[in-house]
Structures are given as structure tokens and as C-alpha cells.
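*Asks:* Sharing a structure below in C-alpha cells format, with a few things to ask.
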Amino acid sequence: MKKLVLSSVLAVSGSLAMVGCTQASAVSESQTTPTTKMQQAKQGQHHKGGQHMGKRGGGYEKLNLTEEQKAQMKALREAQKQKHQANRQQHKAQMQQLHAQTQALINSPTLNTASLNSLAEQQAAFSKQRFIERVQTQHAMAQILTDEQKAQLEKMREERKAKFKSKMAKRADNSKASAQ
């Protein structure tokens, strides 16, 4: 009987040791991943063929801007960048607090609709502020352009929309074909 108990204990402890080693190995492998998704995105590796989608300039670089216009655009972008960096920690803290409150609401035994509405209003206010800042920046950039450049920019945006729509239609057709 003692031998049976002893062999059972040894078998269980051996199994636990193997599980522990496997988990430790998995943890060490996940920690030594050569590149993270963010690093891959910065390197342009998350797109097909390793090509990056391009700068987020809205097509301004294709408008043959004068040196003065380029300087104005650069100054505007730098001012916006500094403004965002100054507010970054505050926004991050607000979003973390909003996330924590949301998780507390999700995990509570009953749904407090007053708290839910308050969180929704906070999120809406944050989104509204970001939208306002983005449109103000786009407006300021548009004021730098000549009428011809504005027309060319609008044409490029329409072409981009058409290209996007055709890609989405093709993707929908492909998903329908693969579903059948």
C-alpha cells in the first residue's frame, strides 16, 4: 500500500513539474519575441509585401506646395504635435480611469444605468473634443492651400474613396464566394 501511495505521489509531482516547465518555457518564449506588433507596424511589416500604407498627410505632399506653404504646414503640424504631447498624460489617465470604471460596471452584479450614462457621456465628450481638434487642424491646413490645390486635393480624396469602395466590394465578393 505504501508503495502505491508513494508511486502515485511521485507520478503527480512529476506531472506537475512537467506542466511547470512547459509554462515557464511558454512564458520565456513570449517574452523573447523578436518584434512586437507595434514594432512590426513601424517597420511596415503588417501590410502585404512589407509595404507601409504611407504618411498620414492626407495627400498634401502631392500638391506641389511652395516652400512657404511647406513651412506653414510643418509649423502647424509641430504646434499640433506639441499640444498633443502636453495633453498626452492627462488623456491617458482619463482613458485609464474610464476603462477602470467601465470594467467595474461590467463586473458589478447589477447594471447601474446612471453610471453607464455617465460613462457614455464622458466617452462622447472625449470623442467630441478629438473630432473638433482634428477638424480645426484640417481647416487650418486647407487655408494654406490655393484654390487649385484644394480642387486637386478633393479629386485625390474622391479617387481614394472610389478605390476603397472597390476594395470593399471585392472583399465582400470574395467572402461570399468562400462562404458558398
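The values are calculated or read from the model by the stated rules, or taken from the named source; none is laboratory data. Just so it is clear, the structure is predicted and the values come from calculations on it, not from any experiment. In case anyone asks, the SASA skips ligands and DNA or RNA and just uses the protein heavy atoms, side chains included. Shrake-Rupley method; radii C 1.70, N 1.55, O 1.52, S 1.80 Å.
*Asks:* Rounded to the nearest whole Å², what accessible area per residue is found for the range 104-180 with the 1.4 Å probe?
*Replies:* Details: 6230 Å² over 77 residues.
Solvent-accessible surface per residue comes out at 81 Å².
*Asks:* ³J(HN,Hα) across the range 101-115 via Karplus (A = 6.51, B = -1.76, C = 1.60, θ = phi - 60°), whole Hz, x for Gly/Pro?
*Replies:* Coupling constants for the range 101-115: 5, 5, 5, 5, 5, 5, 7, 6, x, 10, 8, 8, 5, 5, 5 Hz.
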